[in-house]
1. Pull out a ≥ b ≥ c, the square roots of the eigenvalues of the alpha-carbon gyration tensor of the stretch 74-216, then state rounded if a/c is under 1.5, prolate if not and a/b is larger than b/c, and oblate in the remaining case.
2. If we count other beta carbons within 10 Å of each Cβ, what is the order of 109, 211, fewest first?
3. Can you tell which of 431, 65, 378 lies farthest toward the positive end of the dipole of the chain, using +1 and -1 charges on the Cβ of basic and acidic side chains (Lys, Arg; Asp, Glu)?
4. Can you classify the stretch 412-479 as rounded, prolate or oblate using the Cα gyration tensor, where a ≥ b ≥ c are the square roots of its eigenvalues, rounded means a/c under 1.5, and otherwise it's prolate if a/b beats b/c and oblate if not?
5. Determine the dipole magnitude for the chain: charges of +1 sit on the beta-carbon of Lys and Arg, -1 on that of Asp and Glu, nothing else is charged, the reference point is the Cα centre, and the result goes in debye to the nearest 20.
6. Shape of the stretch 45-89 from its Cα gyration tensor (a ≥ b ≥ c, root eigenvalues): rounded if a/c is under 1.5, otherwise prolate when a/b > b/c, or oblate?
7. For residue 221, which sequence-distant residues (separation of 5 or more, or a different chain) have an amide H within less than 5 Å of its own amide H, given hydrogens modelled in the peptide plane?
8. Hey, fewest Cβ within 10 Å first, where do 404, 313, 466, 204 land in order?
Amino acid sequence: MKRRTRLPLITLLSLLGVSSLPAQENSGSNSKIKNILFIVSDDLKASVLPSYGDKICKTPQLDKLAASGIVFDGAYCQGVLCGPSRYSFMRGIYPYSKARAVTIGEHLRKSNIHTTRVGKIFHMPVPHAQLDGSHGHDVPACWDERYSTKSAETFSPGLYRLLNKGIVTREVKGRDARGPNRMFATVATDMADGSDQADHMVATKAIELLRERKQADKPFFLAVGFVRPHFPMVQPKRFFDMYPQENMPLPPVIDGDLDDIPQAGRSHVRADMKSEEARRRMWQAYYGSVSFVDEQLGRVVDELERLGLRESTAIIFFSDHGYHLGEHGFWQKNNIHEEVARIPMIISAPGIKPGRSSSMVELTDLAPTCYDFLGLPVPDHVQGKSLLPILNNPQASVRDTALTVHTRGGAAIRSADWHYLNYNGKGEELYDMSKDPHQYVNLIDNPDYAAILKKARQQYQERVSTGQLEWDTPIPFIQ
């Protein structure tokens, strides 16, 4: 479906808080960059990627991308569910903030930059939107063109498992696609190349769109949204075979592990996933899903290079948030601990030397970074900060802490050395990340950390205030 309708210029200018169209390139931008390839993976935790230290997962395409760009070791999401996170990063503001901003696409379109979406960028319920081919909670004004996919998802021919119930079958009828157990469903599909799956379709369409953009010879912003490794974990059998379940290491199960975590901080503890085999198969399916996405990403980036567009295109890769796979007995997301809050982020762009940065960064920073890349003004209401200083010097920083906002009230503040979690009057947690990176010991009552706790509480109040956070502020996609 194509969209050609544009908002009146005066209306856009008023919304954006700028008095006129940009007449000249931003002094911090890179004149070589004309286009942006914006790639989002769904529910991808940083800790499973080889570029972030994992020794098991196989992601050769992401490894190549990481070797060509800046890998951000201190990148954190702002929303811990798909909807709030995507609402946030596509505007450069915090979820549940009273601040209001137009989307990246709306800002770019007024400067005659062609914007296209293929796949999941704004929130799409998975697998619901893929089953019916709908646009989910998309924002039409963001795009000149937008494309969604339709696929069988959970009902794909192949071996189906519902891991928490011990169900194994090739029968398609009766599979759980929309019910309460759907997050534990996996399908090892029969079609070896995966061309019947949403992410393969997304990559194929993205390749077609790149070819069209090459012919049009006009600056573009192409947003490519993959749904994996979001549940259900559906991919060709060969990706399961890459990771024999009996070889999958598991997070430790420790008696009393949750005793020092407030009730408000305990989310998705699933007693019915105590089966070791089920947990190993979940890791097998997750790793396989990540490798499937990696293959699709490689197809898109290879085409970008084949078309000669790599020299003028910035590639931004990231995930909307992380995921729990049994750490502390937690499963899924909607949790402000490290495995959910931390995300992978890789930016590869012309004129940017490869490297790594440990600086704290947020997904809110992507919108102003895109604007800086393209030499556009950053609207006043954007709350993120451009990452261009770090891209030019990985030792630089644009913020001291990263803020992750909880859907049920409260937030987490992550610094280089500590992680503070506040549940809005319903408890707190504090972790020394240099000594306890997996967050087993809550130091909230430890007198040796009283000074750090005082600083963390102060910074929490400052970040909540400057972010204009009010948890009863509705997020439009919910309405």
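1. In terms of gyration-tensor shape, oblate.
2. Placing the least packed residue first, the sequence is 211, 109.
3. 378
4. prolate
5. In debye, rounded to 20, the chain gives about 1340.
6. Note, shape of the stretch 45-89 comes out prolate.
7. Close amide H contacts, sequence-distant or interchain: 36, 114, 115, 116.
8. The order, fewest Cβ neighbours first, is 466, 204, 313, 404.
Read-outs: derived from the displayed coordinates by stated rules, not from any lab. Quick caveat, the model's predicted, so the values are computed rather than measured. Ideal geometry is used to build each Cβ from the backbone, glycine not excepted, and the neighbour counts take in all protein chains shown.
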